[in-house]
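Novice: Got a structure here, written out as C-alpha cells. Questions coming.
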Amino acid sequence: MSIKFKNVTKSFGDSKVVDDFSLKIEDGEFVVLLGPSGCGKTTTLRMLAGLESVTSGDIYVGDERINDVPTQRRDLAMVFQSYALYPHMSIAENIAYPLRVRKVDRNEREQRVARVAKMLEIEPLLQRKPRQLSGGERQRVALARAIVREPRAYLMDEPLSNLDARLRVQMRGELKRLQHQLGTTTIYVTHDQAEAMTLASRVAVMKKGRLQQFDTPLNIYNHPANRFVAEFVGSPSMNLIDGKIEHGVFLSDSIKIPIDRSDAAVTIGLRPEHVHVSTAPLDGAIPASVYVTELMGNETFVFLLVGPHKIIARAPADFRAEVNCKVWLRLETDKAHFFPKEHSTDYTDQKQSV
Amino acid sequence: MKRTRIFRTGWLVLALVAALAPVYWMLTISLKTEVDQFAIPPKWFSFTPTLQHYTDAFVTRSFGQYLLTSAIVAVVSTFFALLIGTLAAYALTRFRLPWNLDHKLSLWILSTRMFPAIVTAVPLFLMMRDLRLLNTKLALIIVYTAFNLPFVVWMMRGFFAEVPRDLEEAALVDGDSRLGALVRVVLPLVSPGLAATAVFCLIVSWNEFLFALVLTQTDAAMTLPVGIAGRVTQYEIKWGVMSAAGVVAMMPILVFALAMQRYLVRGLSLGAVKG
Ligand SMILES: Nc1ncnc2c1ncn2[C@@H]1O[C@H](COP(=O)(O)OP(=O)(O)OP(=O)(O)O)[C@@H](O)[C@H]1O
Ligand SMILES: [Mg+2]
C-alpha cells in the first residue's frame, strides 16, 4: 500500500516535534527515515501506527485517510525498538498473537507460525520464553510476529540498534532480502546512515522534525540538498570549508582554489574520496600536514591540517605518512558541492509537495 | 560477627513468641475444659484435650452460619473491588485526563481512607436503614467493596506502571482491542500483584468488625467476628466457644496466604524489554 503524509505536524505542548512533514511513499517501497537522535523519527512512525495523535495534517494509507482510525484497525505491523515481546507467552504464542486476535483457526495458525519460523530460522526456539533468547533471536521473533500476517505496511523502529556490529550487518542483508521477497511497503527508522544507504530504495533525511531531502541513496550521497544532509550522510563525513568566491577563486584562510562560479560567500563540500594526498610536491597542489592516519585495512583515512582547517582524505591502504609529515593535496573540484554559507536551507523542492 | 548473629536471632525469637503466644493460648483454650481454662498455675501443655467447644460453636450454636456469611461477603466484595479497582487503576495509569485529573483523582481516592472508619459508620447505618438493607449480606458487600476500592486502585496503579507501555502498544498494533490487550497481555503480567491485592482485600473483609457490628444484628447476616464478640455477654463470657470459633476463623486466611505465597513473589515481567 502507498503511504502519504500531508503537512503533518506534531506538537507536545509548545514544542513542535514534527513540523509540516510531507512524504509520499509508493507501494512496495523500502523507505528509511534517517536523522540524528531526537529529530522526530519515532514520533512520525508512531503517528502512522496510531499510537500518537496527529496535531495537524493528514496521513493516508492507500486512499484511506487514517488520522481517526484506531490503531487496531489500521492493519499495519510494527517492530518496536524494544522488540516488545510478550514475556509470559512462548515464542510460538508471541508469533501467533496477531492471528489469534483475528480469530484465525488453530490449524492455520500453527501452519503460518511454522512457515515464518522456518523463514527466519527460529524453529528451535518456538517453545522458549522471550527472556531465554539473545538479542538477535528476539529481533527475529519480533520480525516474525510482524510478517506472520500480511499487513498493509511494515513499520520498523531501529530494529537493529541493539545488536552487535557483525550481527547487524548480517540482519541488514536478511531484512533486505525478506522485504524483496514479500514486496510489502516498509518504513524503517534509523540514525545510522550506513543502514539507510544499504537498505533503502529511498531515504528521507530529517532534522528537527523537518524533512531535508527525500531521494534514492545514490542521489542523497551525490547530490545532497543542503549542508546538513551532506554532512550527515557518508562516513567519514564530507569535508566542509567555509570561505568565499572572488573573481573565480575560492578563498579561505590558507586555501586558494580556482573555481568557475560567480562571487558569493559559500561553504565548499568535498567527499574524502575526492581529496588526493601525495607525499611528493605537485604542481598546483595545496600543502598540508598530517594530523594522524587511520588504517582501515582496505584503505587509509588521512586526517590533515591545512592552516586552521581539518580535512579528511581517503588514501590507498599502502599509504604511509608520519604524524606532522608534510604532504600535498589535490582536490577534485568538479566533484565539489557548494552550499550557501552557514545557512542550511530546508528542503522544499517542488516535486515533493504532495 | 557472631555477636550480631546471636543478637539478631534473639530478636527474631522474641518477635515470634510475641506474635504466636496469643495464638497458642487461644488454641489451647479452645481445647481445654472450662476447669482447665482457669487452672492456676496455667496448664501450658498438659491437659486433656476436648472438642466440646467446637461442637458447641458449630453444632449447637450458629457459628457455621456466621462462617458462611463471612466467606460470601469477603469473596464477593473482594471480587467487585478487584474488578472495579483494576479497571480504574488501569485508566488512571494509561490515560491522560484533562486538567491533570488523573493525578488528582488518585489522591482523592486515597484520601477516602485517611479518616477513621467510625466517621462513616453512622451515615452508612442510616443509609442502609433507608435502603432497607440492614441485616443483609448485600449491605456488607457494598461497604466492603467501597472500603477496599482505594486500596486496590493504589496497589494496582503501581503494578500497571511497571508494565512497559510498548507491550500494550504492540498488542494494539497486532490488532487487539484495548480490553483484549488488558486481558491477554497486561493482566497476566501483573497477576502476582493482583494475587497480593486479592489476599489483602480478603483479609481485611474477613476480619472487619466495626461495620459488620453496626450493620448486622441477626444470625442470618452476622459475620464471624461479630458472632464471636457476641459471646461476651452481661452474664458470662464463653471463652471456649470464642476460642474455637477464633481458631476456625484463622484457618482460611492462613491456608490461603500460604497457597498464594508463590504468586506473591514477583519477577514475571523480567525479560519483557531487551537488555
Ligand atoms: N510523549 C512526549 N512528550 C514530550 N516530548 C516528547 C514525547 N515523545 C517524544 N518527545 C520529544 O520529541 C522529540 C522527538 O522524539 P523522537 O522519539 O521522535 O525522536 P527520534 O528521532 O526517534 O530519536 P531517537 O533516534 O533518539 O530515537 C524529542 O525531542 C523528544 O524529547
Ligand atoms: Mg526513536
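Novice: Based on this model, can you work out whether residue A:101 counts as touching an Asp or Glu at 6+ places or on another chain (Cβ under 9 Å) and surrounded by fewer than 22 Cβ atoms within 10 Å (Cβ to Cβ)?
Specialist: yes
Novice: Next question. Take the residues of the range A:104-123 that are of a type in the set (A, V, I, L, M) and assigned to a helix (DSSP H, G or I): which is surrounded by the most Cβ atoms within 10 Å (Cβ to Cβ)?
Specialist: Filtering the range A:104-123 for residues that are of a type in the set (A, V, I, L, M) and assigned to a helix (DSSP H, G or I), the one surrounded by the most Cβ atoms within 10 Å (Cβ to Cβ) comes out as A:113.
Novice: Sort out which residues of the range A:106-132 are basic (Lys, Arg) and without any contact (Cβ under 8 Å) to a residue 40 or more places away in the chain, and write them in order of number.
Specialist: A:106, A:109, A:112, A:115, A:118, A:128
Novice: Please count how many residues of the range B:153-177 are more than 29 Å from the chain's Cα centre (by Cα), more than 7 Å from chain A (Cβ to nearest Cβ) and crowded, with 18+ Cβ neighbours inside 10 Å.
Specialist: Counting residues in the range B:153-177 that are more than 29 Å from the chain's Cα centre (by Cα), more than 7 Å from chain A (Cβ to nearest Cβ) and crowded, with 18+ Cβ neighbours inside 10 Å gives 2.
Here is a yes/no grid of residues against (1) more than 33 Å from the chain's Cα centre (by Cα); (2) free of Cβ contacts under 8 Å to residues at least 60 places away in the same chain:
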site	(1), (2)
A:256	yes, yes
A:274	no, no
A:281	yes, yes
A:284	yes, yes
A:294	no, yes
A:298	no, yes
A:305	no, yes
A:309	no, no
A:321	yes, yes
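Novice: Pairs please, first residue from the range B:110-128 and among the polar types (S, T, N, Q), second anywhere and modelled with pLDDT of 90 or more and in a helix (DSSP H, G or I), Cβ atoms under 8 Å, 6+ apart in sequence or on different chains.
Specialist: From the range B:110-128, the pairs are B:112/B:150.
Yes or no, residue by residue, for (1) more than 16 Å from ligand 1 (Cβ to nearest atom); (2) farther than 18 Å from residue B:164 by Cα; (3) within 14 Å of chain B (Cβ to nearest Cβ); (4) without any contact (Cβ under 8 Å) to a residue 60 or more places away in the chain:
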| site | (1), (2), (3), (4) |
| --- | --- |
| A:27 | yes, yes, no, no |
| A:41 | no, yes, no, no |
| A:52 | no, no, yes, yes |
| A:62 | yes, yes, no, no |
| A:65 | yes, yes, no, yes |
| A:69 | yes, yes, yes, yes |
| A:75 | yes, yes, yes, no |
| A:81 | no, no, yes, no |
| A:88 | yes, no, yes, yes |
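Novice: Right, here's the next one. Assuming residue B:44 fulfils every condition listed in (1) of a type outside the set (Lys, Arg); (2) surrounded by fewer than 12 Cβ atoms within 10 Å (Cβ to Cβ); (3) in contact (Cβ under 8 Å) with a residue 12 or more places away in the chain; (4) in the same structural domain as residue B:239 (by TED's automatic domain parsing) apart from one, which condition is it?
Specialist: Evaluating residue B:44 over (1) of a type outside the set (Lys, Arg); (2) surrounded by fewer than 12 Cβ atoms within 10 Å (Cβ to Cβ); (3) in contact (Cβ under 8 Å) with a residue 12 or more places away in the chain; (4) in the same structural domain as residue B:239 (by TED's automatic domain parsing) leaves (4) as the failure.
Novice: Checking the conditions here, which among A:35, A:13 is more than 13 Å from chain B (Cβ to nearest Cβ) and within 10 Å of ligand 1 (Cβ to nearest atom)?
Specialist: A:35
Novice: Also, I was wondering about something else. Looking at the range A:275-300 only, could you name the residues that are closer than 24 Å to residue A:338 by Cβ and surrounded by 19 or more Cβ atoms within 10 Å (Cβ to Cβ)?
Specialist: A:275, A:277, A:286, A:288
Novice: Scan the range A:323-339 residue by residue and report those that are without any contact (Cβ under 8 Å) to a residue 40 or more places away in the chain and either farther than 22 Å from residue A:267 by Cβ or surrounded by 11 or more Cβ atoms within 10 Å (Cβ to Cβ) (or both).
Specialist: Those that are without any contact (Cβ under 8 Å) to a residue 40 or more places away in the chain and either farther than 22 Å from residue A:267 by Cβ or surrounded by 11 or more Cβ atoms within 10 Å (Cβ to Cβ) (or both): A:323, A:324, A:326.
Novice: Residue B:221 fails exactly one of the following numbered conditions: (1) at pLDDT below 85; (2) assigned by TED's automatic domain parsing to the domain that holds residue B:187. What is the number of that condition?
Specialist: Failing condition for residue B:221: (1).
Novice: Oh, and also: Given (1) assigned to a helix (DSSP H, G or I); (2) within 26 Å of residue A:22 (Cβ to Cβ), identify the lone condition not met by residue A:206.
Specialist: Among (1) assigned to a helix (DSSP H, G or I); (2) within 26 Å of residue A:22 (Cβ to Cβ), residue A:206 violates only (1).
Novice: Examine the range A:115-130 for a residue that is farther than 21 Å from residue B:175 by Cβ, within 13 Å of another protein chain (Cβ to nearest Cβ) and more than 24 Å from the chain's Cα centre (by Cα), and state whether such a residue exists.
Specialist: Yes, some residue in the range A:115-130 is farther than 21 Å from residue B:175 by Cβ, within 13 Å of another protein chain (Cβ to nearest Cβ) and more than 24 Å from the chain's Cα centre (by Cα).
Novice: Moving on. Would you point out which residue out of A:165, A:153 is under 20 Å from the mean Cα position of the chain (by Cα), among the small types (Gly, Ala, Ser) and surrounded by 18 or more Cβ atoms within 10 Å (Cβ to Cβ)?
Specialist: Answer to the check: A:153.
Here is a yes/no grid of residues against (1) out of contact with any Phe, Trp or Tyr (no Cβ under 6 Å at 6 or more places or on another chain); (2) touching a residue at least 40 places away in the same chain (Cβ under 8 Å); (3) farther than 19 Å from residue A:113 by Cα:
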| residue | (1), (2), (3) |
| --- | --- |
| A:151 | yes, yes, no |
| A:160 | yes, no, yes |
| A:171 | yes, no, yes |
| A:179 | no, yes, no |
| A:186 | no, yes, yes |
| A:189 | yes, yes, yes |
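Novice: Quick one: in the range A:132-152, which of the residues that are assigned to a loop (DSSP other than H, G, I, E, B) and of a type in the set (Lys, Arg) is nearest to the other protein chains (Cβ to nearest Cβ)?
Specialist: This residue is A:149.
Novice: Take the range A:191-222 and flag every residue that is without any contact (Cβ under 8 Å) to a residue 12 or more places away in the chain and more than 13 Å from the chain's Cα centre (by Cα).
Specialist: A:219, A:222, listed by residue number.
Novice: Take residue B:126 and tell me if it is within 14 Å of chain A (Cβ to nearest Cβ), surrounded by fewer than 22 Cβ atoms within 10 Å (Cβ to Cβ) and over 21 Å from residue A:155 (Cβ atoms).
Specialist: In short, no.
Novice: Filter the range B:134-144 for residues that are surrounded by fewer than 23 Cβ atoms within 10 Å (Cβ to Cβ) and part of a helix (DSSP H, G or I) and give the result.
Specialist: Once the filter is applied, which keeps residues that are surrounded by fewer than 23 Cβ atoms within 10 Å (Cβ to Cβ) and part of a helix (DSSP H, G or I), the range B:134-144 yields B:137, B:138, B:141, B:142.
Novice: Which fully enclosed strands (runs of 3 or more DSSP E) of the range A:1-97 have 3 or more residues being within 16 Å of ligand 2 (Cβ to nearest atom)?
Specialist: Qualifying strands (runs of 3 or more DSSP E): A:15-25, A:30-34.
Novice: Taking the stated definitions as given, is residue B:74 under 24 Å from residue B:141 (Cβ atoms), touching a Phe, Trp or Tyr at 6+ places or on another chain (Cβ under 7 Å) and either surrounded by 18 or more Cβ atoms within 10 Å (Cβ to Cβ) or not small (Gly, Ala, Ser) (or both)?
Specialist: Yes; evaluated as a whole, the condition is true for this residue.
Novice: Same structure, new question: Kindly indicate which of A:127, A:170 is surrounded by fewer than 17 Cβ atoms within 10 Å (Cβ to Cβ), more than 16 Å from ligand 2 (Cβ to nearest atom) and closer than 24 Å to residue B:167 by Cα.
Specialist: None of the others qualify; the one that does is A:127.
Novice: Okay, next question. If residue B:96 satisfies all but one of (1) assigned to a loop (DSSP other than H, G, I, E, B); (2) touching a residue at least 12 places away in the same chain (Cβ under 8 Å), what's the number of the condition it fails?
Specialist: All conditions are met except number (2).
The values are calculated or read from the model by the stated rules, or taken from the named source; none is laboratory data. On a predicted model such as this, the values are computed, not experimentally measured, just so you know. Because the Cβ atoms are built from the backbone with ideal geometry, glycine has one as well, and the counts that use them run over all protein chains shown.
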